[in-house]
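Colleague: Take this structure first; my questions come after.
The values are calculated or read from the model by the stated rules, or taken from the named source; none is laboratory data. Worth saying up front: this structure is predicted, and the values here are computed from it rather than measured. We place every Cβ from the backbone using ideal geometry, glycine too, and count neighbours over all the protein chains shown.
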Amino acid sequence: MKILIIKAFGIVVLFMVGIFSKLAAQQTSMEKTLTPKQQTLIAIAGQTAKGNLTTLKISLSKGLDAGLTVNEIKEAILHCYAYAGFPRSIRGLQTFMTVIDERKAKGVNDKLGADASPINNGGNKYNRGKQILEKLTGVKETGPKKGYAAFAPTMDVFLKEHLFADIFERDILTFADRELVTVSVISAIGDAEPMLRSHLSICLNVGLTPEQLQHFVGVIKSTVGQKEAEAAQSVLNTVLGVKTALPKTPFTLVYKGALTKNENGKVNIHPVKYKLNGIDIAANVYTPANYDPEKQYSAVVVAHPNGGIKEQTAGLYAQRLAESGYITIAADAAYQGGSCGEPRHTDKPANRVEDIHGMADYITQYAGVDSNSLGVLGICGGGGYTLKAAQSDKRFKAVATLSMFNSGEVRRNGFQNSQLATIQERLQKATDARAEEARGGKMTYAGVGSITDEEIAKTTTDLYREGYEYYYRTHAHPNSTFLYTMSSMLDLMTWDATTGMDLINQPLLMMAGSKADTKYMTDEAFKKATNAKSKELFVIDGATHIQSYYKPEYVNQAVDRLLQFYKKNL
């Protein structure tokens, strides 16, 4: 099965706040994410390096099922020894032998595949290795030896003659696949950032894309470990030139005034995990100062924007509400952020609505929470999904949205109805994507993997320009992604946040900036809330969509109005 990513401005594009771009003038390109074969190579290499033999057995079987030959997997494990040592590599080979025998016993005859072609041993072996290294890096090696090569020349000889001449010259795996194996092993063993940085750069030079390397980090996270993935993401950010505000704190919160530690007598943050329909959900619970589990507190569920995560604006609002005495929860959507679920970046409305129900399930059982005093706040796309959740879930006694974004309407019609003429064309693309997935073929993604400062500056709409700045620059986070599966469009384009608005009978507060070019969606939904017990449209004077996420003068207005609203209705 192959995986395909579409990077498109103005055709099908994932923007972090979940809208289609109107910037049709910008160029489009087709870029692939990692194939299932490559994904299993990453898992096999990382688990071999770690010595996680139980999970390695699973990945080895998956690799064979994905179409890797016995010799290709064997070659990947052989390659590992150059970076993780003979013991790990030999244990990997022994585990692979066991897997093959077990599959044979079940009647599975795996394809052996081609063996390595004979290596041309003509010429100076050191020079052959040097030439291969120069081809990988794209840089000619000139001048006197430096660093370890000058300090220990024998090491330089071993690297050139053995690693690059003997190993990289073998043709069973491509240079790109060998580099994926290499960066997987280096990520797994840890504390080798300079080498990881060098080989991630080589990955780009041999044809791997930034999107594929972001995908690589995701595979490391799901098959090797969270810590290893975070370290790899940090190095990758440097390689890609991503300007991230990610602080080195236990909670990786990226908003101003974020908690860096828990202290007695102050608001505390509690990272938690819970199951939702069999999927592990990652969430942060915020408790107020002097929290006493024996007391009773009102609680608020906070749903994050499309593409956003709990460490960004959702966390900011959750923390601010906790500072005023509420217990709050912000969770990453299933299939996204720190939560589990495959395929990654699935973005279906039913899942996002279920995420909100799931937060309610968890927080109403949290010590000290009054289950009869539960509010909800949805931001951007989370606002649209909050409206839908509140239509049926009457545990929510007070419903609020900020800069509400109707994902279904925009996926269907385009932002500000800019794509009405291509609805059927885009539905066909989504249909084709799902059919291809069902056949075991390529998985197609819509998305933007990275953006330059120049591209940001040329973006004409406030929403996109400020959104790029927020998500790619000032509030970037490695778990925040720009991708969603194309097949999700089948669900998104037939969904609408405002259908059934008359079912909301709770008090309703909808907030949007006076300068927000998304405000029309808040206005549309507000008009349809005909049966709300009470309803208010609060306009944040001067704010754009994205500015309501972080600018103190606008956040303060929103929080003040929320506190009045929840105090009255919870």
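Colleague: Is there a residue being farther than 24 Å from L34 by Cα, of a type in the set (S, T, N, Q) and assigned by TED's automatic domain parsing to the domain that holds A229 anywhere in the range 67-83? Please lay out each step first, then the result.
Modeller: Residues of the range 67-83 farther than 24 Å from L34 by Cα: none.
Taking every residue of the range 67-83 in turn, none turns out to be farther than 24 Å from L34 by Cα, of a type in the set (S, T, N, Q) and assigned by TED's automatic domain parsing to the domain that holds A229.
Colleague: Now for a different question. Within the range 258-284, can you find the residues that are free of Cβ contacts under 8 Å to residues at least 60 places away in the same chain, of a type in the set (G, A, S), part of a loop (DSSP other than H, G, I, E, B) and under 30 Å from R344 (Cα atoms)?
Modeller: The answer is G278, and nothing else.
Colleague: Inside the range 290-340, can you point out the residues that are out of contact with any Phe, Trp or Tyr (no Cβ under 7 Å at 6 or more places or on another chain), modelled with pLDDT of 95 or more and over 27 Å from K551 (Cβ atoms)?
Modeller: Of everything in the range 290-340, those that are out of contact with any Phe, Trp or Tyr (no Cβ under 7 Å at 6 or more places or on another chain), modelled with pLDDT of 95 or more and over 27 Å from K551 (Cβ atoms) turn out to be N290, Y291, D292, P293, E294, K295, Q296, A334.
Colleague: Then there is this: Give me a count of the residues in the range 38-70 that are assigned to a helix (DSSP H, G or I) and in contact with a Ser or Thr (Cβ under 8 Å, 6 or more places away or on another chain).
Modeller: 18
Colleague: Could you please give the count of residues in the range 94-124 that are part of a helix (DSSP H, G or I) and either buried (at least 17 other Cβ atoms within 10 Å of the Cβ) or of a type in the set (D, E, K, R) (or both)?
Modeller: 8
Colleague: Cβ-Cβ distance below 7 Å, separation of 6 or more or different chains: which pairs start in the range 285-307 with a residue that is more than 12 Å from L374 (Cβ to Cβ) and end on one that is basic (K, R) and modelled with pLDDT of 95 or more?
Modeller: Listed pairs, sorted by first residue: A289/K266; H304/K310.
Colleague: To continue, here is another question. Pick out the one residue from L492, L509, L563 that is out of contact with any strand residue (DSSP E or B) (no Cβ under 9 Å at 6 or more places or on another chain) and in the same structural domain as R395 (by TED's automatic domain parsing).
Modeller: It is L563.
Colleague: I would also like to ask the following. Please specify each residue of the range 138-179 satisfying the condition of being under 34 Å from the mean Cα position of the chain (by Cα) and among the β-branched types (V, I, T).
Modeller: Of all residues in the range 138-179, those under 34 Å from the mean Cα position of the chain (by Cα) come to 138-139, 163-164, 167-168, 171-179.
Of everything in the range 138-179, those that are under 34 Å from the mean Cα position of the chain (by Cα) and among the β-branched types (V, I, T) turn out to be V139, I167, I172, T174.
Colleague: Sticking with this structure for a sec: Select from the range 292-309 the residues that are crowded, with 20+ Cβ neighbours inside 10 Å and out of contact with any Leu (no Cβ under 9 Å at 6 or more places or on another chain) and write down the one among them that is nearest to L570 (Cα to Cα).
Modeller: Going through the range 292-309, the residues crowded, with 20+ Cβ neighbours inside 10 Å turn out to be 297-309.
Cutting the leftovers down to out of contact with any Leu (no Cβ under 9 Å at 6 or more places or on another chain) gives us 297, 304-305, 308-309.
Details: Y297: 10, H304: 22, P305: 24, G308: 27, I309: 26 Å.
The residue in question is Y297.
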